[in-house]
Every structure is written in C-alpha cells, then in structure tokens.
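Participant: Have a look at this one.
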Amino acid sequence: MEYQKFIPEGWNETKAELNNNLLNKAFSNGDILQGYVENCDSNYNLHINLGNNIEGIIPRNELENINTDEFGFCNPGICKNKVNQFVQFKIKEIYNDKEVLLSRKNVQKQALQWVKNDLKPGMVVKRNS
C-alpha cells in the first residue's frame with residue numbers, strides 16, 4: 001500500500017535551525033519548509049521560531065486557503081489550534097535578517113493541486129510518518 005504525507009501539516013516533529021542562506025534559497029526556489037508554531041498573537045497571526053534569532057510570521061490572511069470569510073480571513077480558532085504544532089509554509093517575503101513573512105495558504109494550494117491531479121484510488125494519506 002502506498003502512503004503519502006499530506007501537506008500543509010508538518011512532515012515530522014523536528015525543529016529545524018534555518019539560517020539566512022537556507023531561507024534565501026527556499027524563497028528563490030519556492031521550496032516548502034516547516035516550523036513549530038510558538039504563538040498566536042491577538043491579531044491571530046502565527047509566530048514561528050525559525051532558529052538563529054529569525055522569526056517567521058504567518059499572517060491570518062496567509063493561514064488558510066479554504067473556509068475563509070469575504071476578506072480572506074480564517075476563523076480565529078484555526079490560529080489558536082496551530083500553536084504547539086508543526087506547519088508547513090512557503091516564504092512570501094524576507095523583510096530583513098530577523099523577520100520573514102510566510103504563507104501556509106500557498107502550501108495548501110499546492111496540496112489541493114496534488115489531490116486533484118495526482119491522488120489515486122488506493123493511496124493512503126497520512127499526516128505524519
């Protein structure tokens with residue numbers, strides 16, 4: 001039986017130590033990364049410690065691709081439920097050496113493309129290995 005991990009949930013439970021070179025490369029290539037959500041702020045943005053004193057922020061409007069309101073915002077509970085979880089993201093913008101704007105929504109779009117185009121009968125989809 002073939003297993004496929006489903007993104008945009010985390011692949012594993014390992015906290016990565018990313019640096020500016022890796023982040024720049026991932027940004028240029030459109031790579032998917034993962035990180036551990038440490039906080040959901042009062043505006044329902046996710047904060048991820050990427051290592052090396054670099055903070056990643058997933059704004060509320062970049063958190064979900066589906067089930068959003070007319071302004072592109074997801075339910076606040078989704079943000080709160082992601083705290084202390086691993087999530088996947090793409091880099092949307094690098095502000096400076098210490099702050100990076102991330103998008104979980106872009107990973108969801110890619111996951112939905114995979115479901116529509118590549119998911120075959122008999123495949124088993126799991127969150128983690």
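Participant: I need the phi-derived Karplus couplings for region 69-79: 6.51 cos²θ - 1.76 cosθ + 1.60, θ = phi - 60°, integer Hz, Gly and Pro marked x.
Facilitator: 7, 5, 9, x, 9, 8, 4, x, x, 5, 4
Participant: Over region 3-126, calculate the relative contact order: mean separation of alpha carbon pairs under 8 Å at least 6 apart, over the residue count, as a percent.
Facilitator: Numbers: 231 pairs, mean separation 40.1, N = 124.
With pairs under 8 Å counted, the relative contact order is 32 percent.
Participant: Can you give the angle from 0 to 90° between the axis of helix 105-117 and the longest principal axis of the chain, with both taken from C-alpha atoms, to the nearest 10?
Facilitator: Compared with the principal axis, the helix lies near 10 degrees.
Participant: Mind sorting 44, 36 by how few other Cβ atoms lie within 10 Å of their own Cβ, fewest first?
Facilitator: On the way: 44 20, 36 17.
Fewest to most other Cβ atoms nearby, the residues stand as 36, 44.
Participant: Taking square-rooted eigenvalues a ≥ b ≥ c of the alpha carbon gyration tensor, is region 3-126 rounded, prolate or oblate, where a/c under 1.5 means rounded and, failing that, a/b exceeding b/c means prolate?
Facilitator: Working: a/c = 1.66, a/b = 1.25, b/c = 1.33.
Because a/c hits 1.5 or more and a/b fails to exceed b/c, region 3-126 counts as oblate.
Participant: What is the order of 42, 103, 28, fewest Cβ neighbours within 10 Å to most? Working shown, then result.
Facilitator: Details: 42 6, 103 20, 28 9.
So the ranking, lowest neighbour count to highest, is 42, 28, 103.
Participant: What does DSSP give for the chain in terms of the percent of beta bridges that are antiparallel, rounded to the nearest 5?
Facilitator: Details: 18 of 24 bridges.
Around 75 percent antiparallel, to the nearest 5.
No lab work stands behind these numbers, since they all come straight from the coordinates. What you see is a predicted model, and the numbers here were worked out from it, not measured in a lab. Methodologically, a virtual Cβ is constructed for each residue, glycine included, from the backbone with ideal geometry; neighbour enumeration extends over all protein chains shown.
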